[in-house]
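Below you'll find the structure, written out as structure tokens, and then a few comments.
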Amino acid sequence: MSSGGVALSPLQNVPLLPSELVDAVSPPSSNDYILIQLSVGGSMMPMRLSGSDSIESVKLRIQSCRGFVVKNQKLVCGGRELSRSNSLIRDYGVTDGNVLHLVLRLSDLQVIKVKTAHGKEYTFCVERGRDVGYVKQQVAKKERQFDDLDEHEVVCDGEALEDRWLIDDICKYNNNDDAVIHFLVRKSAKVRTKAVEKNLELSIVAPRLNDEEIARKEYAVARRQYDAGEENDERNHAVNMQIVRRKPPDRDFLLEPIIVNPKIELPSVLCDMVNATFDGLENGNNPIRSMEGTGGAYFMQDSSGQKFVSVFKPIDEEPMAVNNPRGLPLSPDGEGLKKGTRVGEGALREVAAYILDHPKRGRRSLFGDESGFAGVPPTVMIKCFHKWFNHPDDVAVKIGSLQMFIENDGSCEDMGPGAFPVEEVHKISVLDIRMANADRHAGNILLGKNAEDGQTMLIPIDHGYCLPESFEDCTFDWLYWPQAHQPFDASTVEYIKSLDAEEDIALLKFHGWDMPVESARTLRISTMLLKKGVERGFTPFAIGSIMCRETLKKASVIEEIVQEAEDSVLPGTSEVAFLETVSHIMDRRLDEMLESLR
């Protein structure tokens, strides 16, 4: 999840669309119109659609009426994301009376401008999930006269705000050009807010203290070491106690890696990430919920509170899970937003993507720190307790994935694909084809820089919808990038040839995930396709096109191959025999495609 995106104005309880567009009376000349309810931020608003409207056209109408940019919108109906822009509303089965949930992607960054009485001006960005106390710290770093934080308070309309109030809350409740927030530094200091291109700009003006007072003050953050705690809990997860331990009674948080196999020793890169996250919590640096995405994701800070070290995604806050913070309904049958996925299994798939992202020189070692071929950030399962997570009812321990936070320059949505190195696009394509990723879009590929040569790097994140039980929702945005039409280079071909689905399945089981039979089949067939395609010299585009549907209703080539194999074997046929049948049919179809290209 990048820091990119567009900050949106707070939602108001007003109709989303003009009255002439939401009139409940259907046109007398057409039976194609349907009236649905659009749910945004807890408000329900009527919206009249035509069954022949495309998903893209619906989003454009929302954009034109309310300014919510199309790329920041996600529509969900009946427990499924309406993700294919060129598909029609009727293709997703939307009918009269259905509820469409609109999930908006907000910017995680908020511009704050600081101006002191003696003329100095500063501009910095604060995550919208940060609190008022953090704003004080940022001001203190810029101007030393602000460092006695206990003497300062932020006041809005005459009411003092607590340090724990979030910047996002200020944006919501003070969306008024005339609103004034006072930042008090012994003498009153004024912070005025105004809307600037849908961002909230804070201008802080404070009197200058004399040099003698400044000399007596120094801003510092004390780093505390943590103590050993209790033994493993009743879940009987074998936890590496050299990393972090269960919280002692006087702590109000918990963080432990979950290791179900005692033969596994976490590599140092994961140990360091877990320990840094623990230090941040112990120093009182609270998790910060991301404003992006359809599930709960929390930026975890280091001991200083000035840097993010990891991202935590609890399984009970996944889309359509019981504690989802984005207002999505519970899944009626346990299926996730993408076909073939299950609610509550996203964290397992996040970890699986890291484990199966083998280094280029060979298979991932159980104890090695080497980066994977595609560059999936280090990820581990943990259990964590903190009151700042989303707890609608009782505060409880949460289980989820903890992934290393990667410094980035935004996502691929922020730059045209023509500038991306070919090998970087190809490494993403190999991962996605192999994992049958059902949610690869430009927004979950981060932009980074190689520390050695400064070249652009692509960093894949958000793998909660990989390894689905079917191929129906496979989507790859890179399919339409020019690099996808270039052939794989020799080193990538050798890497692909080294892949072994059976060893991958065994490795995941060793780490504690006994894959569902359907997901294991997906991994076997997608790996088979990747290897056979490369043998015939197919490009990422050619192989990816076999896996992705052209339209919502038309099955992909890989689905046709699987269906033909299922129709060809007798009931009770072994998985090995079924896969042999798939292999023969796949060879025939690929050879036909190759012949048509000549």
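The values are calculated or read from the model by the stated rules, or taken from the named source; none is laboratory data. Since the model is a prediction, treat every value here as computed from it, not as a measurement. Don't worry about glycine lacking a Cβ; one is built from the backbone with ideal geometry, like all the others, and counts go over all protein chains shown. Surface areas here come from the heavy atoms of the whole protein model, side chains and all, with no ligands, DNA or RNA. Shrake-Rupley method; radii C 1.70, N 1.55, O 1.52, S 1.80 Å.
Summary of computed values
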read-out	value
Count of residues meeting criterion [farther than 20 Å from Met515 by Cβ and of a type in the set (Ser, Thr, Tyr)] in segment 456-482	3
Residue, farthest from Ala438 (Cα to Cα), within segment 330-341, restricted to residues that are open to solvent by 30 Å² or more (accessible area, probe 1.4 Å) and within 19 Å of the chain's Cα centre (by Cα)	Glu335
Any hit, segment 401-413, residues being assigned to a helix (DSSP H, G or I), of a type in the set (A, V, I, L, M, F, W, C) and crowded, with 16+ Cβ neighbours inside 10 Å	yes
Count of residues meeting criterion [under 18 Å from Ile433 (Cβ atoms) and under 16 Å from the mean Cα position of the chain (by Cα)] in segment 342-358	4
Qualifying residue in segment 422-435 (condition: hydrophobic (A, V, I, L, M, F, W, C), modelled with pLDDT of 95 or more and in a strand (DSSP E or B))	no
Lys449, sole failed condition from (1) open to solvent by 50 Å² or more (accessible area, probe 1.4 Å); (2) more than 30 Å from Asp302 (Cα to Cα); (3) touching an Asp or Glu at 6+ places or on another chain (Cβ under 8 Å)	(2)
Residues satisfying the stated conditions in segment 36-68, i.e. hydrophobic (A, V, I, L, M, F, W, C) and either in the same structural domain as Met320 (by the TED database) or within 24 Å of Met320 (Cβ to Cβ) (or both)	Ile36, Leu38, Val40, Met44, Met45, Met47, Leu49, Ile55, Val58, Ile62, Phe68
Condition met for Glu318 (closer than 15 Å to Val380 by Cβ and among the charged types (D, E, K, R))	no
Enumerated strands (runs of 3 or more DSSP E) restricted to segment 81-138, each holding at least 2 residues that are within 26 Å of Arg326 (Cα to Cα), modelled with pLDDT of 85 or more and not assigned by the TED database to the domain that holds Cys474	99-104
The lone exception for Gly229 - which of (1) surrounded by 15 or more Cβ atoms within 10 Å (Cβ to Cβ); (2) at pLDDT below 80; (3) part of a helix (DSSP H, G or I) it fails	(3)
Restricting segment 473-491 to residues that are in a helix (DSSP H, G or I) and more than 20 Å from Cys548 (Cβ to Cβ), the residue that is most open to solvent (accessible area, probe 1.4 Å)	Ala490
Segment 360-386 - residue that is under 19 Å from Gly448 (Cα atoms) and not polar (S, T, N, Q) and, of those, modelled with the lowest pLDDT	Glu370
Neighbours by Cβ (under 7 Å, 6+ apart or cross-chain): first from segment 515-531, modelled with pLDDT under 95; second open to solvent by less than 20 Å² (accessible area, probe 1.4 Å) and part of a helix (DSSP H, G or I)	Met515/Leu508
Sole exception among (1) outside any loop (DSSP other than H, G, I, E, B); (2) crowded, with 24+ Cβ neighbours inside 10 Å for Tyr465, by number	(1)
Pick from segment 423-446, criterion free of Cβ contacts under 8 Å to residues at least 60 places away in the same chain and among the charged types (D, E, K, R), ranking: most open to solvent (accessible area, probe 1.4 Å)	Glu424
Subset tally (residues that are part of a loop (DSSP other than H, G, I, E, B) and either touching a residue at least 24 places away in the same chain (Cβ under 8 Å) or closer than 21 Å to Phe510 by Cα (or both)) for segment 307-358	26
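Here's the yes/no breakdown for (1) in contact with a strand residue (DSSP E or B) (Cβ under 6 Å, 6 or more places away or on another chain); (2) farther than 19 Å from Lys74 by Cβ; (3) at pLDDT 95 or above; (4) assigned by the TED database to the domain that holds Gly340:
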{"residue": "Val395", "(1), (2), (3), (4)": "no, yes, no, yes"}
{"residue": "Ser401", "(1), (2), (3), (4)": "yes, yes, yes, yes"}
{"residue": "Ser411", "(1), (2), (3), (4)": "yes, no, no, no"}
{"residue": "Gly448", "(1), (2), (3), (4)": "yes, yes, no, no"}
{"residue": "Leu458", "(1), (2), (3), (4)": "yes, yes, yes, no"}
